């Protein structure tokens with residue numbers, strides 16, 4: 001196969017994806033994502049595995065400065081780029097990450113990733129390695145944790161390079177069922193091609 005053939009093939013794939021994405025990119029997926037949030041995601045956010053892990057990390061991280069957070073994020077990014085390390089292994093090896101991996105597997109392909117953040121926007125647990133550790137500077141945390149119990153963030157539809165599927169991120173606050181306080185947030189990657197199916 002020549003380079004020219006490869007380029008034509010790549011262009012054809014890109015065009016097909018571009019033609020299929022506009023309907024979703026226009027926000028058509030948002031009502032279905034909200035339904036998914038209410039029916040599939042919110043029911044398990046009050047699980048003890050999530051609430052206890054977030055509360056424990058909030059207590060542990062209460063004194064962190066922005067400089068501390070930046071240093072942690074820098075370490076995580078370096079480990080992610082290198083393909084792993086002690087920090088990533090510790091998070092992926094915790095009980096919450098195991099629970100989130102089970103939730104992802106139980107979705108039969110609907111959920112592409114799940115990660116939970118604390119009150120500072122730092123990862124508590126995750127089903128898959130994220131590119132960064134601190135989400136506090138992103139809409140997924142700012143439009144949920146900072147907004148309150150009714151916060152929600154639904155990202156635009158994008159093509160996942162590894163799976164070539166159309167995906168959107170659904171983010172919600174995590175509420176302590178004991179007192180109604182918002183203690184963290186969750187982001188769930190959703191294969192939008194499976195919505196409404």
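The values are calculated or read from the model by the stated rules, or taken from the named source; none is laboratory data. These numbers were taken from a predicted model, which means no experiment stands behind them. Ideal geometry is used to build each Cβ from the backbone, glycine not excepted, and the neighbour counts take in all protein chains shown.
Quick look at the values:
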item	result
Filtered residues of segment 157-188 (kept if over 28 Å from residue 62 (Cα atoms) and surrounded by 13 or more Cβ atoms within 10 Å (Cβ to Cβ))	157, 158, 159, 160, 165, 166, 167, 168
Some residue of segment 116-133 being in a helix (DSSP H, G or I) and either surrounded by fewer than 21 Cβ atoms within 10 Å (Cβ to Cβ) or touching a residue at least 60 places away in the same chain (Cβ under 8 Å) (or both)	no
Meets criteria (surrounded by 13 or more Cβ atoms within 10 Å (Cβ to Cβ) and in contact with a strand residue (DSSP E or B) (Cβ under 7 Å, 6 or more places away or on another chain)) for residue 85	no
Failed condition for residue 171, given (1) at pLDDT 95 or above; (2) part of a loop (DSSP other than H, G, I, E, B)	(2)
Segment 85-95, residues that are free of Cβ contacts under 8 Å to residues at least 40 places away in the same chain and part of a loop (DSSP other than H, G, I, E, B)	85, 93
Qualifying position, being over 27 Å from residue 158 (Cα atoms) and in a helix (DSSP H, G or I), among 71, 98	71
